[in-house]
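K.L.:
Quick one: this structure, given as structure tokens, is what I'll be asking you about.
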Ligand code: HQG
């Protein structure tokens with residue numbers, strides 16, 4: 001993925017997760033946008049885009065952040081939204097342990113309130129430590145928290161997984177955070 005593709009991806013994530021107006025697109029109740037409108041929105045920002053290039057961007061995205069519908073007329077972000085959309089996530093049994101990457105400055109609050117979702121729909125958890133390190137590193141020196149996911153699930157907490165493999169949950173109380 002070229003640097004240019006990365007910055008186009010950031011703009012697409014902004015539009016498909018948080019602020020569709022930036023590309024003059026609309027999201028339906030499940031978070032889908034028209035591919036034609038998205039391409040036009042990018043073109044109107046002087047970003048060359050067509051279906052072929054968009055397909056490459058979707059397929060090569062490092063975290064598989066977007067997906068098309070079957071006939072490639074619609075596109076959506078797989079997770080990470082702040083706008084109200086129904087992603088139709090299915091509750092699933094999680095692995096024994098999941099990980100969350102964060103940074104020291106949030107730890108006092110996390111120990112007090114647990115992991116909270118803030119402006120996103122869910123708290124995001126990773127299946128591997130490596131991914132959690134990458135997530136935490138976006139903000140500084142990463143701190144990796146171990147979550148007793150299977151134990152929580154057995155106590156009735158619902159876990160979901162996005163199309164691109166991110167584990168999602170509403171809230172993690174402090175007692176389950178290692
Ligand atoms: C922290 C990226 C204070 C939490 C990544 C995190 C991920 C608290 C921040 C995805 C807290 C929220 C999500 C509490 C949690 N007090 N701080 N009680 N509870 N926090 O960006 O997990 O590139 O919403 O630790 O790779 O960092 O966008 O969540 O630091 O997969 O596809 O509040 O976003 O993916 O930050 O990242 P975020 P996140 P994309």
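K.L.:
Treat each spin label as a single point 7 Å out from the Cα along the C-beta direction, and report the residue 63 to residue 175 distance in nm.
P.N.:
Distance between the two pseudo-spin positions: 3.1 nm.
K.L.:
Which distance in nm do the two modelled labels at residue 151 and residue 4 give, with both placed 7 Å along the Cα-to-Cβ direction?
P.N.:
For the pair residue 151/residue 4, the computed spacing is 5.1 nm.
K.L.:
Would you please give the FRET efficiency between residue 112 and residue 73, computed as 1/(1 + (r/R0)^6) with r the Cβ-Cβ distance and R0 = 41 Å, to the nearest 0.05?
P.N.:
0.30
K.L.:
Please label the shape of the stretch 3-77 as rounded, prolate or oblate, based on the square roots a ≥ b ≥ c of the eigenvalues of the alpha-carbon gyration tensor (a/c under 1.5 means rounded; beyond that, a/b larger than b/c means prolate, else oblate).
P.N.:
rounded
K.L.:
Mind checking the angle between helix 51-60 and the chain's longest principal axis? C-alpha axes, 0 to 90 degrees, to the nearest 10.
P.N.:
20 degrees
K.L.:
May I pose another question? Taking 0.36 nm per intervening residue step and subtracting the Cα-Cα distance, what contour gain separates residue 55 from residue 139 on full extension?
P.N.:
That pair, residue 55 and residue 139, stretches by 27.2 nm at full extension.
Computed from the coordinates by the stated procedures, all read-outs in this text should not be read as laboratory data. Everything numeric in this text was worked out from a predicted model, so none of it was measured. So basically every Cβ, Gly included, is an ideal-geometry build from the backbone, and we count neighbours across all protein chains shown.
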